[in-house]
Amino acid sequence: HPFEPEERNSISFHDGTRPFPSNQLPIIDLEENPNPLYDPKEEDLEYKRLRRLLGRDFDRDYMSTVRPLEHVLHRNGTLDFKIKKGRPKGRRPLFIKYFGQRVYTGETQKPIRLKLKREDRKKVQKYLWSYTHCPVFHTWKDLGVRFWPRWIREGQCFRGKSCSIPPGMYCQPSDSMRITLLRWYCRGPEVGTNCSWIKVQYPVLTECACSCS
Amino acid sequence: HPFEPEERNSISFHDGTRPFPSNQLPIIDLEENPNPLYDPKEEDLEYKRLRRLLGRDFDRDYMSTVRPLEHVLHRNGTLDFKIKKGRPKGRRPLFIKYFGQRVYTGETQKPIRLKLKREDRKKVQKYLWSYTHCPVFHTWKDLGVRFWPRWIREGQCFRGKSCSIPPGMYCQPSDSMRITLLRWYCRGPEVGTNCSWIKVQYPVLTECACSCS
Amino acid sequence: QEKYTDYNLSRHKRGASGGGRWPCQRRSLYVKFRDLGWQSWIIAPDGYHAFFCEGECSFPIGNHVNATNHAIVQTLVHMYTPFKAPSPGCAPSKLSAQSVLYFDDDGNVVLKKFPKMIVTSCGCH
Amino acid sequence: QEKYTDYNLSRHKRGASGGGRWPCQRRSLYVKFRDLGWQSWIIAPDGYHAFFCEGECSFPIGNHVNATNHAIVQTLVHMYTPFKAPSPGCAPSKLSAQSVLYFDDDGNVVLKKFPKMIVTSCGCH
């Protein structure tokens with residue numbers, strides 16, 4: 001382990017003396033101190049050593065030490081809409097499974113029903129599934145020289161149009177994972193002293209869902 | 001006009017010396033002073049006089065001087081779901097008109113389409129229209145002896161289940177009208193003095209819509 | 001109905017942070033519209049339970065006073081460097097509405113909902 | 001970037017309402033985490049613009065200070081019967097979040113969003 005946090009004591013700080021974090025996404029960009037003395041030097045960036053330090057946490061799908069080709073080709077990102085048998089890949093949501101139930105119209109009238117052939121109903125279900133699906137939009141982002149690997153693949157929710165019928169709901173972050181990176185951390189009381197690489201967990205959005213904000 | 005508000009001056013009070021009202025619905029019940037000296041007496045409740053005082057504002061659909069039969073039969077109210085040709089009465093919402101448009105799935109894939117016969121598409125449109133429709137739930141309410149007519153027909157939005165696909169939105173108040181009633185108003189500095197009937201406007205919910213709260 | 005808390009007893013003890021000796025909390029306040037001169041434009045009700053917030057927001061701000069992250073930061077800033085910022089204030093966290101029958105600007109008597117009239121809970125802000 | 005307003009100049013003038021001579025407003029405050037002793041658990045950033053709210057909430061509370069209906073009522077109650085309730089306080093109306101890279105309770109270094117860290121606007125509450 002590259003860093004032992006000796007200053008940190010292990011009591012829980014949920015006594016109102018420290019602010020409370022949330023797991024809310026998307027994350028806001030970290031504000032970095034512009035002083036270059038906080039940057040790692042050429043000799044601190046030796047690939048082999050850092051690669052060994054990160055070990056099994058190195059995840060090629062979500063991180064890159066150089067600017068990825070995908071970022072060169074699609075600078076603004078790519079929509080990750082996985083299709084299978086004409087509908088979004090993944091588990092069928094319950095509201096799709098139960099689509100077509102009777103609509104109650106009061107005590108004195110018959111409920112309204114949807115009379116369709118099984119095939120046609122399936123078609124409508126697949127369409128509604130696709131219409132209300134919230135694919136993740138992927139973009140590569142450069143975190144700067146104080147992170148290694150400095151490029152990570154972030155997720156965003158596509159908010160161009162409403163995803164619901166009637167319109168009103170939008171695609172919102174619904175799930176995330178944490179990738180582990182290295183961070184150049186200077187603990188010294190003086191600027192840029194006592195620096196080392198430490199492991200940090202960075203949240204990455206992995207799923208979006210159609211909901212009210 | 002039964003009352004001239006001589007004390008009230010005509011400047012606008014939007015200078016922060018008075019609170020600001022909203023048109024938000026549903027209305028909360030008015031808290032009445034329990035002192036019976038503020039109630040009108042037998043002789044103040046002569047039907048003919050009050051009926052003449054209210055004049056053209058008397059609206060049989062929304063008010064009643066006695067407990068309405070509808071309240072006897074359906075104490076908890078009635079759902080006002082008007083059906084025409086198998087779908088809700090009224091103007092077709094735009095999202096129903098344009099239902100079935102292509103779903104964009106990214107640059108590299110074909111958009112997803114809904115291939116249905118014209119007839120079947122119409123059926124689905126009618127069903128979705130009914131499913132997402134927010135009928136008004138009507139209940140008769142007794143405002144007490146200080147209002148005339150004391151019974152009014154209020155609207156409420158039915159919030160039992162979500163009205164959207166995917167679920168998440170609920171029926172919310174979206175439009176209202178004002179009915180005009182008489183109110184027994186005692187202006188005297190002493191309890192129950194200088195009283196008269198004045199016209200008051202009471203908001204009644206008339207429409208609900210499926211939306212995020 | 002809430003118990004009436006006597007504000008008089010302690011008002012002389014209040015410091016610059018606007019609080020008393022107790023921690024930030026909701027306190028009773030019944031407002032009679034006649035006392036504000038509002039009987040000229042409000043017909044009903046005669047008054048209402050408005051409540052108000054009062055009390056100390058000093059270090060450490062525990063969970064129980066419903067403090068925002070900013071209030072936690074400001075409390076510490078005030079503790080270490082009092083000249084930079086005051087203690088956070090005890091203020092309403094949640095408010096609810098009240099219906100009022102009143103004369104509007106055009107002289108009509110209308111019933112409307114007045115939002116944010118009643119303090120439902122307090123916190124350090 | 002906001003202009004720094006010198007808090008020192010006026011702090012002696014503050015009354016029980018917690019305000020200065022100016023009306024309730026947002027004021028500059030840059031918080032260095034080192035000054036709070038937080039360099040032990042926060043890795044980045046070094047600090048942030050937190051801002052704070054300060055100023056008078058006295059009669060009449062105009063539109064410009066973003067007062068709630070309850071604050072308007074409380075101001076009048078205080079004016080007519082000062083012993084019943086204090087003036088409303090100048091407090092944040094809107095707050096925004098800040099990302100922080102820090103050591104969590106388990107000793108892991110994580111990046112998370114801290115909600116309600118920055119005052120975006122103030123009002124009388």
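Would any residue of segment B:81-115 have its amide N under 18 Å from a label point 7 Å out along Cα→Cβ of A:LYS110? List them or say none.
B:81-89
Take the alpha carbon atoms of segment A:87-131, find their radius of gyration, then divide it by 2.2 N^0.38 Å using N residues; give the quotient.
Normalised Cα radius of gyration, segment A:87-131: 1.37.
Can you put A:ASP39, A:ASP142 in order, fewest other beta carbons within 10 Å first?
Fewest to most other Cβ atoms nearby, the residues stand as A:ASP142, A:ASP39.
Can you compute the helix-only [θ] at 222 nm over chain B? Use -39500 (n - 2.57) per DSSP H run of at least 4 residues, normalise by all residues, nearest 500 deg cm²/dmol.
Calculated at 222 nm, the ellipticity per residue is -4000 deg cm²/dmol.
Which of the aspartates and glutamates could a cross-linker span from A:LYS122 if the Cα-Cα distance has to be under 17 Å and same-chain partners fewer than 8 positions apart are dropped?
B:GLU119, B:ASP120
Gap in Å between the Cα centre of segment A:149-190 and the Cα centre of segment D:28-47?
Spelled out, the Cα-based centre of one part sits 24 Å from the other.
Diagonalise the Cα gyration tensor of the protein assembly as shown and give the resulting equivalent ellipsoid semi-axes, square root of 5 times each eigenvalue, largest first, whole Å.
For the protein assembly as shown, the ellipsoid semi-axes come out as 53, 43, 17 Å.
How high is the FRET efficiency from A:ARG159 to A:VAL66, r the C-beta distance, R0 35 Å, rounded to 0.05?
0.70
Taking neighbour counts of Cβ atoms within 10 Å as a proxy for exposure, in what order, fewest first, do B:THR206, A:THR132 appear?
By the 10 Å Cβ count, ascending: B:THR206, A:THR132.
Provide a whole-number value for the mean count of partner chain Cβ atoms within 10 Å of the Cβ atoms in peptide A:122-129.
5
Within segment B:57-161, list the trypsin sites (Lys or Arg not before Pro) lying in a DSSP loop whose Cβ has at most 15 other Cβ atoms in a 10 Å radius.
Answer in residue order: B:ARG60, B:ARG75, B:LYS82, B:LYS85, B:LYS89, B:ARG91, B:ARG102, B:ARG113, B:LYS115, B:LYS117, B:ARG159, B:LYS161.
If the limit is 20 Å between Cα atoms, which of A:LYS110/B:LYS84; A:LYS123/B:LYS85; A:LYS161/B:LYS97; B:LYS41/B:LYS141 go over it?
Cα-Cα > 20 Å for A:LYS123/B:LYS85; B:LYS41/B:LYS141; rest within.
Measuring label to label, 7 Å along Cα→Cβ, what does C:SER40 give against each other copy in nm, shortest first?
Those separations, rounded to one decimal, come out as 6.1 nm.
Rounded if a/c is under 1.5, else prolate if a/b is larger than b/c, else oblate: which is chain A, with a ≥ b ≥ c the root eigenvalues of its Cα gyration tensor?
prolate
Quick one: length gained pulling A:LEU94 to A:PHE20 fully straight, 0.36 nm per residue minus the C-alpha distance?
Extending this stretch completely gives an extra 23.2 nm.
Which chain B residue puts its Cβ closest to the axis that rotates B onto A, and at what distance in whole Å?
B:CYS212, 2
Between segment A:76-136 and segment B:87-108, what is the C-alpha centre distance in whole Å?
Centre-to-centre (Cα) distance: 13 Å.
For C:GLU54, B:GLU190, B:GLU154, A:GLU31, which order do you get if you count the other beta carbons within 10 Å of each Cβ and list the fewest first?
With the fewest neighbours first, C:GLU54, B:GLU190, B:GLU154, A:GLU31 line up as B:GLU190, A:GLU31, B:GLU154, C:GLU54.
Take every Cα pair under 8 Å in segment C:8-124 that's 6+ residues apart, average their separations, divide by the length, and report that relative contact order as a whole percent.
Worked out over segment C:8-124, it gives 29 percent.
In nm, what does the list of distances from A:GLY106 to its counterparts in the other copies look like, shortest first, when each label sits 7 Å along Cα to Cβ?
Copy-to-copy label distances for A:GLY106: 4.9 nm.
Just to verify a number: FRET efficiency for A:LYS117 and B:SER213, C-beta to C-beta distance, R0 = 45 Å, to 0.05?
Rounded to the nearest 0.05, the efficiency is 0.75.
Using all Cα-Cα distances in segment C:8-124, what percent lands in each 5 angstrom bin from 0 up to the longest?
2, 11, 16, 17, 14, 12, 9, 9, 6, 3, 1, 0
Counting only pairs 8 or more places apart or on different chains, how many lysine pairs in segment D:13-124 have C-alpha atoms closer than 25 Å?
8
Put a label point 7 Å from Cα along the Cβ direction on A:ASP57, then list its distances to the equivalent points in the other copies in nm, shortest first.
Values, ascending and in nm: 7.2.
Given contacts defined as C-alpha pairs under 8 Å and at least six residues apart, what's the relative contact order of segment A:56-205, whole-number percent?
For segment A:56-205, the relative contact order is 23 percent.
Only the coordinates and a few stated rules stand behind these numbers; no lab work does. All figures in this text were calculated on a predicted structure; none of them were measured in a lab. Cβ coordinates were reconstructed from backbone atoms using ideal geometry, including for glycine residues, and neighbour counts include every protein chain displayed.
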